[in-house]
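The structure appears below as structure tokens.
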There are 2 protein chains.
Amino acid sequence: MATPSKPQASSTTADPSLSSFIGIYEQEESRFIREWSELLSFKSISTDPAFDGECRRTAEWLVGHLTKIGFSARLLETSSKPTVFAEFKGKVGAKRVLFYGHYDVQPVDPLEDWTSEPFSPELREGRLYARGAQDNKGQTFYFLKALETLIARSELATSVTLLLEGEEECGSDGFAQALPGWKDLVQADVLMVCDTGALAAGVPFVTMGLRGLVSLEITLGGIHHDLHSGALGGVVRNPATELARLIASLHRPDGSIAVSGYYDEVTEFSAEDRALANRSWPSDDKITALLGVPPVGGERFYSPPERRGFRPTIEVNGMYSGYQGPGGKTIIPSVATAKLTSRLVARQNPERCLKLLIDHLKAHAPEGLEFKIVASRVGGPALALSSADELIQRARRVLDTLGPVPAQFTWEGGSIPIVAELVKVSGARPLLVGFGLEEDRIHAPNESFALSQFRLGFLYACAMLSELSR
Amino acid sequence: MATPSKPQASSTTADPSLSSFIGIYEQEESRFIREWSELLSFKSISTDPAFDGECRRTAEWLVGHLTKIGFSARLLETSSKPTVFAEFKGKVGAKRVLFYGHYDVQPVDPLEDWTSEPFSPELREGRLYARGAQDNKGQTFYFLKALETLIARSELATSVTLLLEGEEECGSDGFAQALPGWKDLVQADVLMVCDTGALAAGVPFVTMGLRGLVSLEITLGGIHHDLHSGALGGVVRNPATELARLIASLHRPDGSIAVSGYYDEVTEFSAEDRALANRSWPSDDKITALLGVPPVGGERFYSPPERRGFRPTIEVNGMYSGYQGPGGKTIIPSVATAKLTSRLVARQNPERCLKLLIDHLKAHAPEGLEFKIVASRVGGPALALSSADELIQRARRVLDTLGPVPAQFTWEGGSIPIVAELVKVSGARPLLVGFGLEEDRIHAPNESFALSQFRLGFLYACAMLSELSR
């Protein structure tokens, strides 16, 4: 098995234990890959009931594996897929770590776009290819291998509880329902999650925030059927035009949200956090090349990483009305619909924000048409950390030793609603460090994970768990 | 054959010739229906090339029929379907009438919704059922029967030119292209068109205006693919949100059009015309019951019939972006599209309006996304008449004698672009009087035309042609 060529953990590191973890990885890599591949061969697609059995077998395999490496493991049943629960009792009075991951994966279609079979892992040019290779089986597995290593060396002083759920890719409903009932089982000091990504290979990234989420589907209508746009244009209100006006009412000309009270709970961020967020951000040119358009959306007086990390947004995810075929059709559409989501930050209360948003839409909906809320959902609150946090500072010191580039800090714009819930139930401080890269193509055909990133994850987990064991 | 029961032409009319026309109709009705049914049995669906032969046979049947009733008739070829051209030479110095109609019909699907075969005309409860029974074979045929009657009685002093085209239902492209070349053939004083409707049975309606039309399809995009609305929300502009804002920029809060210069050529209408338009308009309650929504669209300071008759509009006919399936999808859509049409009035120049609209959209398109005009089309200018017009006053006197209810005047919101073009080429004043009703279900299954309306059309044509022969 070839040793990953880049980037190596610094060999000049002052920490002697890191050198020994590197040595262990080099010795054990081929076994790690073999076991990781075994885990990847399970078709644990959670969104399709046809794979329910496969999901359970995956969970059972994990229980067996965890038992073998020194955990007391079992399944916790939910109304949906079972959750793998495992405990390692550390020294009395030592820190308690809760690790969250998931063993379920995305569907594989279009299957014909895969170079190798999605559930027959294949190593090519330093990457392991399979569905779940990274998300989240791969990132979970380096963590398990680190735990195994520390337990085998009797170096794990912390108590560790593992929660590996089986429906992250389809909404976590059963898991989220069951979680409060497991409160006593999951009490911890630190919540470690590796289901996040890095913006560059070989560089450790700490995810400092996740945004909250509320969603909403609305319609404007009430007209019996599409009308002739000549005969009735100017007579009745046009649902498409009015929906556009309603959506336009959500933002001010400077790009800020016009919903009354929406910023009430939004706090300013520190100069240090702001500097950290801006430091890890790619140039405008790089973004334009990547996406096709420049990063000029959102609020005018914040930089792009500030806007995504520290500011709420309201986005239209879908909008539909009237005729879409070739040519034209001179109608006033009978109805217009929009799907909206809002990302929330820091202390914003999701229930309150959803109510403010609905109140705004109701207040701005035009007379003469029927306004309806078709669906609404509170996805969860935001998770916001500061670089001033003591746990983050400890992680930073550890991560800075891993390679030539110091740790980077990123306030992600996305949402993992379950993380905020886990923080609440467990009472733990969260630490989100993951080594996924854009090129891993998670959720797409030919998902893979670089061995070099797997190795870095292993080293991070070994080093951080050692740090917490002190 | 049963005599139509309602509404009868007033038997107390002072005009003795009207009584004789009524007598002729009663005598000849069954023959008229037989011949009209023969015309309806041709499957002259112009939009489907499979029926090209049927269209030509229809046109040839009309040439034969017109020749029989006293016209010199022939086909004029176009790049598409042939046009039936027929002339009757009246007295030297008498008025010259140009009549425009069309012999092509709409497709018949869904065929299973028809009670009787669409091309096997069937008389049921005072209505003749067939595709084209009204639009426009029926309304053309009562006019031909009136011409036949007057010629047979040697009472037709006017010269009459007939132009019956074969592609009105599919855009009139070939006809419109050929028309300027027929300029010398179609010079006239009065252009009579019966391809319009009435808002109540038994009541003559004069269509006083048709709106012009320009159309436009636009997109906002430039993003390579749909983006994660969390990771990039607030970073790039959202095409759906921005399209909504762009569309919202087209109108002011009071419902008026915000495009600079759009009203420059719009003239105010006379108090008389305004009163006439308002008089023939149904109540708000009636409209709400019919359409599902109240007539509160368009410009705040005009009544519904004023808004549709005398004021331009910009309507969204279709709008599309992002995800439309069940549930949600947290994306920033890569592109958003809209189909727009604008109805124009009176003296508005369509080319100028289209340019103003495009200029407005370009000026208001957001930076950071790609704005594209995908398609644009000038449909034609408006046609606007006033009740002060001498021809309209003559028609009004004639129509007032036809029944118990005086003639009504309606400024239609729709567009028949070819009429404005015919006016331009022929130099004639237009007179649009038709007897179609909403219940005729033109363009839909089970199209029909009431014999009572056919009879009223016949009487109108006899009386008006007699009036013009004086």
(message) Just the residues that are farther than 29 Å from A:Q393 by Cβ and more than 9 Å from chain B (Cβ to nearest Cβ), please, taken from region A:292-306.
(response) A:R300, A:F301
(message) Please count how many residues of region A:436-470 are surrounded by 20 or more Cβ atoms within 10 Å (Cβ to Cβ), touching a Phe, Trp or Tyr at 6+ places or on another chain (Cβ under 8 Å) and of a type outside the set (F, W, Y).
(response) 12
(message) Suppose the filter is within 20 Å of A:K145 (Cα to Cα) and buried (at least 20 other Cβ atoms within 10 Å of the Cβ); does A:T58 pass it?
(response) yes
(message) modelled with pLDDT under 95 and within 11 Å of another protein chain (Cβ to nearest Cβ): which single residue out of A:P326, A:P366 fits that description?
(response) A:P326
(message) Restricting to region B:427-447, name every residue that is closer than 30 Å to B:D184 by Cβ and under 12 Å from the mean Cα position of the chain (by Cα).
(response) B:L432, B:V433, B:G434
(message) Cβ-Cβ distance below 7 Å, separation of 6 or more or different chains: which pairs start in region A:355-366 with a residue that is under 12 Å from A:L220 (Cβ atoms) and end on one that is among the polar types (S, T, N, Q) and modelled with pLDDT of 95 or more?
(response) A:H364/A:S249
(message) I'm trying to understand the selection: among the residues of region A:365-398, which are assigned to a helix (DSSP H, G or I) and not β-branched (V, I, T)?
(response) A:E390, A:L391, A:Q393, A:R394, A:A395, A:R396, A:R397
(request) Would you kindly identify the helices (runs of 4 or more DSSP H) lying entirely within region B:237-291 that contain at least 2 residues that are more than 13 Å from every other protein chain (Cβ to nearest Cβ) and within 17 Å of B:F301 (Cβ to Cβ)? (result) B:271-279
(message) When you scan region A:323-344, do you find a residue that is among the small types (G, A, S), more than 20 Å from the chain's Cα centre (by Cα) and assigned to a helix (DSSP H, G or I), even just one?
(response) no
(request) Looking for whichever is under 20 Å from the mean Cα position of the chain (by Cα) and not assigned by TED's automatic domain parsing to the domain that holds A:F205 here; the options are A:T288, A:T267, A:T313. Which one fits? (result) A:T313
(request) Give just the number: which of (1) surrounded by 16 or more Cβ atoms within 10 Å (Cβ to Cβ); (2) under 31 Å from the mean Cα position of the chain (by Cα); (3) within 14 Å of chain A (Cβ to nearest Cβ) does B:H360 not satisfy? (result) (3)
(message) Anything in region B:178-200 that is under 29 Å from B:K43 (Cα atoms) and at pLDDT below 95? List them, or say none.
(response) B:D195, B:T196, B:G197, B:A198, B:L199
(request) Please give the number of the condition A:K362 fails out of (1) closer than 28 Å to A:S303 by Cβ; (2) part of a helix (DSSP H, G or I). (result) (1)
(request) Please list, ordered by first then second residue, the pairs with beta carbon atoms under 7 Å, 6 or more apart or interchain, first in region B:31-49 and among the charged types (D, E, K, R), second assigned to a loop (DSSP other than H, G, I, E, B) and at pLDDT 95 or above. (result) B:K43/B:F119
(request) Scan region B:227-236 for residues that are touching a Ser or Thr at 6+ places or on another chain (Cβ under 8 Å) and either buried (at least 21 other Cβ atoms within 10 Å of the Cβ) or more than 9 Å from every other protein chain (Cβ to nearest Cβ) (or both) and jot them down. (result) B:L227, B:S229, B:G230, B:G233, B:G234
(request) Give the number of residues within region A:413-435 that are surrounded by fewer than 22 Cβ atoms within 10 Å (Cβ to Cβ), in a loop (DSSP other than H, G, I, E, B) and modelled with pLDDT under 95. (result) 1
(message) So, B:I331, is that one buried (at least 23 other Cβ atoms within 10 Å of the Cβ), under 19 Å from B:L220 (Cα atoms), at pLDDT below 95 and within 12 Å of chain A (Cβ to nearest Cβ) or not?
(response) yes
(message) Between B:V405, B:V423, B:V419, B:V374, which is closer than 28 Å to B:Y25 by Cα and out of contact with any helix residue (DSSP H, G or I) (no Cβ under 9 Å at 6 or more places or on another chain)?
(response) B:V405
(request) State yes or no: is A:R311 surrounded by 17 or more Cβ atoms within 10 Å (Cβ to Cβ) and among the basic types (K, R)? (result) yes
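The values are calculated or read from the model by the stated rules, or taken from the named source; none is laboratory data. Quick caveat: nothing in here was measured; it's all calculated off a predicted structure. Here the Cβ is made from the backbone with ideal geometry for all residues, glycine too, and neighbour counts use every protein chain on show.
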